[in-house]
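Step one of this worksheet: look at the structure below.
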Amino acid sequence: MTSSVVNGGTAVTRLWTGDYYNEGNGSKESIFDKVKEECGVFGVYGHPDAANLSYYGLHALQHRGEESCGICTSDDGVFNFHRGMGLVKEVFDRDRLESLKGSQAIGHVRYSTSGSSQLGNAQPLVFKYRGGDLAVCTNGNLVNEPGIRKELEESGSIFQTTSDTEVIAHLIARSPKDLIEAVKDAFSRLIGGYAFLIQTKDCLITACDPHGLRPMVMGRLGEAYIFASESCALETIGAQYVRDIQPGELLVVDKNGLREDRFAPMVRRAMCAMEYIYFARPDSDIYGVNLHTSRKRMGQILAQESFVDADVVTGVPDSSISAAIGYAEQTGIPYELGLIKNKYTGRTFIQPSQELREKGVKMKLSAVRKVVEGKRVVMIDDSIVRGTTSLRIVNMLRDAGALEVHVCITSPPFMNPCYYGIDTPNPADLIASSKTVEEIRQAINADSLFFLSEKGLKDAVGVHENEYNNGLCMACFNNDYPTPVQFEDAKLTSCSCD
Ligand code: SF4
């Protein structure tokens, strides 16, 4: 069922009179009302230029994490690695990359929240254990990590970081079995959403959780094997996409080639629906579905579910442009660039620091007066988290002369926290957890408000149609979590990929 509400033609009261995106609001809150993807991973096996390929691959995954990054290579068994705070292009230069010799590599980009924004948690993490060197990086979050960490600490383990990834390394190191069996044993203890890359001196291992909550793809570049969180990274380095890694799979690449194995059966596929809605790049494909195309379909279906008579359709850049084009195609209402993002404001340096976040709110979005003035505007966005951003953008459009602003959201109401690697605010701050759609409409000062239905979302993604929920996790919309989440000290995703 579509969630929507229309203000029946009455005058809309200005609810918020502060500054806008491009002026800064001086408040304590983040200017961005978006949930955050936590991390991206990239791996190479069997290419003499592994570090450079990783650099370009991580650059393509930069949207998945801007806080820190790192690359670890293996050069005939000798590990070379570098990690730093900042963007890939800031952390690595030519000299640094030249020092990272070797034909295999794993790399990582990371987003974190304030508590864990430190170099010590940057990945890949590198360990020495009785079997030699081990480098590990993760995308995702382990719900039962606190319990496992406590158990390990009580039996003598000493941790250097607050990272999930280190817990995995301890589990592997403590096992008396050979490496692959030890890795399988370790993974079988984990509950959560994750995609891992593990490097030893002479092999690369990748695995996805039994629900496949986080994406991972495999490609080939000549004889080399490439692994990446998203297929756009394969495209960037000229690699050919081979396939998505399946839930519960464990792949090993070494001098004998690729070994396809499992550490768990697939229980219920549950790819994160937010990857399709917002996180992944539009030029990426997940399970063969192109993200731009599926977002266009979200816009088309949203238009079928909730047509609004208007003069122009605009999308909040960048993630909602595809859906806005779809909405416009479906309705015949012209698509216009009613909102422009300033590309040159750059990243807010050390983003999780509240003080700097406040300074970083100069920017980033402007309404195009000549496009919206005197018009009834349909504004497409991908989600409403706290509602603060939607309010600012609606008011920005009104101040630029829009007669009406109708807000259409290409996801169902975001009501529940994520435990699987997406940084969501405190559940009480999720506006849809406590307000009706009509109350949200009032709070964001819109003339009408529509959300895409769950069915519409599933139809728009259009994959795994015979599987439960079409193989999607939609727990933040419907509270139907694919794993247990109620542990004594379950970890909400607020600082994962840790
Ligand atoms: S709860 Fe929401 S954000 Fe988290 S994995 Fe599921 S769909 Fe994605």
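Restricting attention to the stretch 406-427 and to residues that are polar (S, T, N, Q) and open to solvent by less than 10 Å² (accessible area, probe 1.4 Å), the residue that is farthest from the ligand (Cβ to nearest atom) turns out to be THR410. If we keep just the residues of the stretch 428-452 that are open to solvent by less than 10 Å² (accessible area, probe 1.4 Å), more than 16 Å from the ligand (Cβ to nearest atom) and not in a helix (DSSP H, G or I), which is nearest to LEU142 (Cα to Cα)? Checking each candidate, the answer is LEU449. Where helices (runs of 4 or more DSSP H) fall wholly inside the stretch 66-167, the ranges with 3 or more residues that are in the same structural domain as GLU230 (by TED's automatic domain parsing) and surrounded by 14 or more Cβ atoms within 10 Å (Cβ to Cβ) are 145-154. Could you check, for the stretch 366-374, whether at least one of its residues is at pLDDT below 95 and assigned to a strand (DSSP E or B)? Yes, some residue in the stretch 366-374 is at pLDDT below 95 and assigned to a strand (DSSP E or B). Being within 30 Å of LYS455 (Cα to Cα), at pLDDT below 95 and of a type in the set (D, E, K, R) is the requirement here; does ASP318 meet it? So ASP318 fits the description; yes.
Residues of the stretch 300-325 that are over 23 Å from the mean Cα position of the chain (by Cα) and in a loop (DSSP other than H, G, I, E, B): SER306, PHE307, VAL308, ASP309, ALA310, ASP311. Just a yes or no: is a residue in the stretch 326-338 under 30 Å from GLY219 (Cβ atoms) and within 23 Å of the chain's Cα centre (by Cα)? Looking for residues that are under 30 Å from GLY219 (Cβ atoms) and within 23 Å of the chain's Cα centre (by Cα), one finds at least one in the stretch 326-338, hence yes.
The values are calculated or read from the model by the stated rules, or taken from the named source; none is laboratory data. Here the structure is a predicted model, which is why all the values come from computation and not from measurement. Heads up, the Cβs are rebuilt from the backbone with ideal geometry, glycines too, and the neighbour counts pull from every protein chain shown. Please note that ligands, DNA and RNA were not included when accessible areas were found on the heavy atoms of the full protein model with its side chains. Shrake-Rupley method; radii C 1.70, N 1.55, O 1.52, S 1.80 Å.
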